[in-house]
Each structure stands twice: as structure tokens, then as C-alpha cells.
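Heads up, the thing below is written out as C-alpha cells.
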Amino acid sequence: MDDSMLSCLTHPVYAITGEVASQMGIRAFAVGGVIRDVFLHRTSKDIDIVVLGSGIEVAEAVAKSISDKIEVHCYKNFGTAQFMYHDAKIEFVGARKESYRPHSRKPVVENGTMVEDLKRRDFTINAFAVALNGNEKGMLIDLFNGLQDLHDKIIRTPLDPDFTFSDDPLRMMRAVRFASQLGFRIYDKTFKAIRRNAERLEIVSMERVMDEFNKILLSPKPSIGIRLLEESGLLRYFLPQLLDLKGVEYIEGKGHKDNFLHTLEVVDKVALASRDLWLLWAALLHDIAKSRTKKYDPEHGWTFHGHEILGSKMAFSIFRKLHLPANEKLKHVQKLIALHLRPIALVEDTITDSAVRRLLFEAGDDIDDLMLLCEADITSKNPEKVRRFLDNFAKVREKLKEIEEKDRLRNWQPPVDGELIMHTFQILPSQPVGIIKTTIREAILDGLIPNEKDAAVKLMIEEGEKLGLTVVNPPYGI
Ligand code: ATP
Ligand code: MG
């Protein structure tokens, strides 16, 4: 009996499953990504177990033998069951032969053998199994030379790629995702098949496509995946706006940046510094409106006026089409896009306190992400220019820190609110309340008064009197 692989599968559920399934006379196997991750020295949080029998019955028996308290979730339609144990999600399924009808997303599931089960997996590196009991206990089953492909860093389908991809077109996204995550190459025949079948991505739900795309964005160098999506033709089916940024136009011998390549560079730079998915989305979309705002002006050359505002609006429709969250995540992305030129504009002028205060006021808690995005946005072939920008940028950062400490403008709350104004002058909600509030805010942002209550109250009274109001209830302390 060969126990070699079992010593690598350290989670306690493997041994327990082996025993319980043996008592039931059922063979059980650990399969898929979890075995791949052993070889890649990665820990996986999801454990998949395939049994030659009922996945639901084995899951229930295994859970019961561990403790009565484990809650097993059964999905009868899919013949799967899962539960949480020792920080991992353990999923059980009976070996199956699954096929997707050509124009439908609903799989037809039939009982099958282990070989059938492994054949319907996406890639050779995901098609391993390790027997948890029986004569082959501990043995690695590698029907499609997955070990060799892992070693050669190749993504390849176990069967004819046209068959694998038409069975479930999401696998094309997964191929790119693994290439980007692991830095692997997609096997030539596999890649050609993705090109041929790209259009079939349209039958896949947007949620599944986005799950994979978000993993591409979160990979160490997202441009690897995004380029592959572009070259394979997949990108066109969910984010065609990005393709509009490709290429350089020349007029009178003057060209502009290739905004697609620039975007990739910015996304890669952000990825080096952050694992925040929404910041990565902001980087991906920061120049998305450049193709629509592009103009050539004989005096100023190429301009993209207002691309940050239009881009922020486009983010809204793109998120909706891609079924991405429509909540504060979207707002965060929109805000970063809308403000992405501001820090660099500060650098170009002399850096005044009031401009820095305004930026802090508008960006609020997003200021750190905005600075990161903006710094990543500095890409140029001219190293001297980049160095000069980065030096100036460091000055903006210093100034931001200094002003933030002094004026505490991040998430600014007005030192005088509408209630106090109405009470002081004994007036109802009305235009003068708004005018006084704006005057106080502007005076603080311009540095005319400090960000403090006493100074703000004094200005409130002066401004109220200018508007013909009388102090009826003098604020406490005045
Ligand atoms: P990760 O968990 O890192 O996202 P994974 O390879 O473990 O990657 P899962 O989605 O957890 O991916 O799937 C587990 C296993 O199930 C895979 O390794 C693969 O064998 C199989 N699998 C998942 N999705 C598909 C699919 N669409 N087509 C074929 N096999 C799949
Ligand atoms: Mg997994």
C-alpha cells in the first residue's frame, strides 16, 4: 500500500472519509485543485471529495462520525453535499459524467466512473485524484500527465479542447485565470480553441465570468491575464470598452499614448502595492473614457477633456452590465476615477495649502487609494520625466500629511451645523442656512479661518448679519 500522497494531505477529513467510506463499501478520492495545490505548496480552503456512490450519504456519514453538531448542506439537484470542518469547506459529490447541452447552461448529470469524472475536469493540472481508501489508498491518479504539465507550467485541457470548452465555456476564462495566477503558459492547441470558441462565453452567467475575471485582477501581474483575454477574443464579450483604448492615432506627426497598454501598466503597478479588488477596478477603468473624449487640437495636440468625469459615469453602466456591486464599492471606484487627475494637477501647479485641503476634503477616506492610483498613473518612456513627477509627488504626500495633521480634514464634519445656525438666528430651514454653511466651509478650505468651532461661530454671526439676520440665541461661550 502506497501512503505517500496521504502524508501531504494533512487535513483530518481525508483520513476520516477514507475510513467511513470503507465501512460503507464506497471508494473515495480527494480530487482537483486541492491536489494541484499540494504540488504548488499552496494551502487550499476548499476540499473536494469524489465518491463512487452517493456524495450526500457519504457526507452525512462522515459529518456524523465527527460530531452531531456539524451542519451538512445538501444540494439534491446536483447530488452534492458540503460542510465546514477545521476551517475548510469540504464538498462531496458522486463521480459523474456531466455534459452541458449546446445552448443551455444547465448540466445534464449522470452517474459515472472516476475516469469519467476526471475527463470532465477543466485542465490536466486540475484533474488529479488521490485514493483515500481501498487497494490504491494514497496513490496519485494522473490520467492526463498533469504532473508533467505542472512541471512545464502549462495549462492544457485533458480532452480535445473544443469539446472541453463547448461543454462549459467558462473554462476558457479559467484557463486565462490560471495562466495569470500561476504565471503558466496556455498550451498552443488549447489557446487556439479558446479563440475559436470565444463567442460561446455569451451563454455563461456574468457572475461566473466575473468570479474568474476578479481573480485575474487579483493575480500578481494582471496584465498577463488581460492580454490573454484580449488576444483570445474573450474580452470583447464582457468589457469591449477596454478594447476601444487600443492603438495610437497620429495627426500632423503627433501621436498619443496607447491607452490600453498604459492601462495595463497602471493596473500592474497598483497590483504590486495593493490587493484591493476595487482599487484594481478603478485602475482598470481610470482612462476608460479616453476613446470617447479624444480630440486633436493643432495648438495643444491630443486632449481628453473630461475623461475622468465621463469615465466615472461609464463605470456605473459597466458595473451594471457586469453584475458587479451597485453599492459603496461602485461609488468608491467612481470617485477614484473622477478624482484621478487631481493629485497630479497639484504637482503641476505650485502646491498651495488650499488646493491640498480641497483634495483632502473631497477624497475623504479614499485619499490613500487615490494617491496610490495617481502615482501608478505616472508612466512615461522618459525616465527623467518620471523621476521629476515622482519627486514632486513625494512633496504632495508630505504636504497632505502636514495639512491633515494640522486641519484634520479627512471625513470633515462642519464645526458649526445647520441646527446651531437655525437656533442662533431663530430661523427655519431656508436658503440663508445653506449660504452660511458654505461660507464657513469655503473659509476653512481656503485657510481664512482655522477648522475650529470658535472661529466658525464668529464667522457664522458675521455672515448672518450680512444677510440681515439677528442673533436671537447667542451660542454658548460667545
Ligand atoms: P481555486 O480554488 O484556486 O479558485 P480550483 O482549481 O480549486 O481553484 P475550484 O473552482 O475550487 O477551482 O474547483 C475545484 C476543482 O473542480 C478544479 O480544480 C477542477 O478540477 C474542477 N472544476 C471547477 N470548475 C470547473 C469547470 N468549470 N469545469 C471543469 N472542472 C471544473
Ligand atoms: Mg478550489
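The values are calculated or read from the model by the stated rules, or taken from the named source; none is laboratory data. All values reported here derive from a predicted model rather than from experimental measurement. Virtual Cβ from ideal backbone geometry, glycine too; neighbours counted across all protein chains shown. Side chains are part of the model used for accessible areas, which takes the heavy atoms of the whole protein and leaves out ligands, DNA and RNA. Shrake-Rupley method; radii C 1.70, N 1.55, O 1.52, S 1.80 Å.
Below, the figures for the structure above:
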read-out	value
Any hit, the stretch 134-147, residues being of a type in the set (Phe, Trp, Tyr), in contact with a Phe, Trp or Tyr (Cβ under 8 Å, 6 or more places away or on another chain) and at negative phi	no
Residue satisfying condition, being within 15 Å of ligand 1 (Cβ to nearest atom), of a type outside the set (Asp, Glu) and surrounded by 18 or more Cβ atoms within 10 Å (Cβ to Cβ), within set PHE178, PHE238, PHE163	PHE178
Residue within the stretch 322-340 that is among the small types (Gly, Ala, Ser), out of contact with any Cys (no Cβ under 6 Å at 6 or more places or on another chain) and closer than 22 Å to LEU261 by Cβ present	no
Residue in the stretch 214-230 that is over 26 Å from ARG275 (Cα atoms), β-branched (Val, Ile, Thr) and outside the structural domain of VAL62 (by TED's automatic domain parsing) present	no
Residues within the stretch 345-365 that are closer than 21 Å to LEU285 by Cβ and open to solvent by 30 Å² or more (accessible area, probe 1.4 Å), tallied	3
In the stretch 253-305, the residues that are closer than 28 Å to SER180 by Cβ and in a loop (DSSP other than H, G, I, E, B)	HIS256, LYS257, ASP258, SER274, ARG275, ASP276, HIS286, ASP287, ILE288, ALA289
Residue within the stretch 49-69 that is of a type in the set (A, V, I, L, M), within 16 Å of ligand 2 (Cβ to nearest atom) and open to solvent by less than 30 Å² (accessible area, probe 1.4 Å) present	yes
Tally of residues being under 27 Å from the mean Cα position of the chain (by Cα) and among the hydrophobic types (A, V, I, L, M, F, W, C) across the stretch 128-163	3
Subset of the stretch 444-465 that is of a type in the set (D, E, K, R) and farther than 14 Å from GLN431 by Cα - its residue that is least open to solvent (accessible area, probe 1.4 Å)	ASP446
Scope the stretch 421-449; condition in contact with a Lys or Arg (Cβ under 9 Å, 6 or more places away or on another chain), free of Cβ contacts under 8 Å to residues at least 60 places away in the same chain and not in a helix (DSSP H, G or I); matching residues	ILE449
Condition met for GLU207 (buried (at least 18 other Cβ atoms within 10 Å of the Cβ), among the acidic types (Asp, Glu) and part of a helix (DSSP H, G or I))	no
Where SER380 falls short, out of the listed (1) without any contact (Cβ under 8 Å) to a residue 24 or more places away in the chain; (2) assigned to a loop (DSSP other than H, G, I, E, B); (3) assigned by TED's automatic domain parsing to the domain that holds LEU448	(3)
Test for ASP365: is it in a helix (DSSP H, G or I), closer than 25 Å to VAL347 by Cβ, touching a residue at least 40 places away in the same chain (Cβ under 8 Å) and touching a Phe, Trp or Tyr at 6+ places or on another chain (Cβ under 9 Å)	no
Cross-chain or 6+ apart pairs with Cβ under 7 Å, the stretch 388-416 first and more than 15 Å from GLY447 (Cα to Cα) and open to solvent by less than 60 Å² (accessible area, probe 1.4 Å), then acidic (Asp, Glu) and in a helix (DSSP H, G or I)	PHE393/GLU375
Any hit, the stretch 256-270, residues being polar (S, T, N, Q), surrounded by fewer than 20 Cβ atoms within 10 Å (Cβ to Cβ) and either closer than 26 Å to GLN334 by Cα or in contact (Cβ under 8 Å) with a residue 12 or more places away in the chain (or both)	no
Enumerated helices (runs of 4 or more DSSP H) restricted to the stretch 6-101, each holding at least 2 residues that are more than 16 Å from ligand 1 (Cβ to nearest atom) and in contact with a helix residue (DSSP H, G or I) (Cβ under 6 Å, 6 or more places away or on another chain)	12-23, 55-66
Cβ pairs under 8 Å, 6+ apart, first in the stretch 174-193 and at negative phi, second away from ligand 2 (no atom under 16 Å from the Cβ) and in a strand (DSSP E or B)	ALA175/ILE186; VAL176/ILE186; ALA179/ARG185; ALA179/ILE186; PHE184/ILE154; ARG185/ILE154; ILE186/ILE154; TYR187/ILE154
Within the stretch 304-327, tally of residues that are surrounded by fewer than 16 Cβ atoms within 10 Å (Cβ to Cβ) and not aliphatic (A, V, I, L, M)	10
Candidate set: the stretch 18-47, residues that are open to solvent by 30 Å² or more (accessible area, probe 1.4 Å) and on the phi > 0 side of the Ramachandran plot; chosen: the one nearest to ligand 2 (Cβ to nearest atom)	HIS41
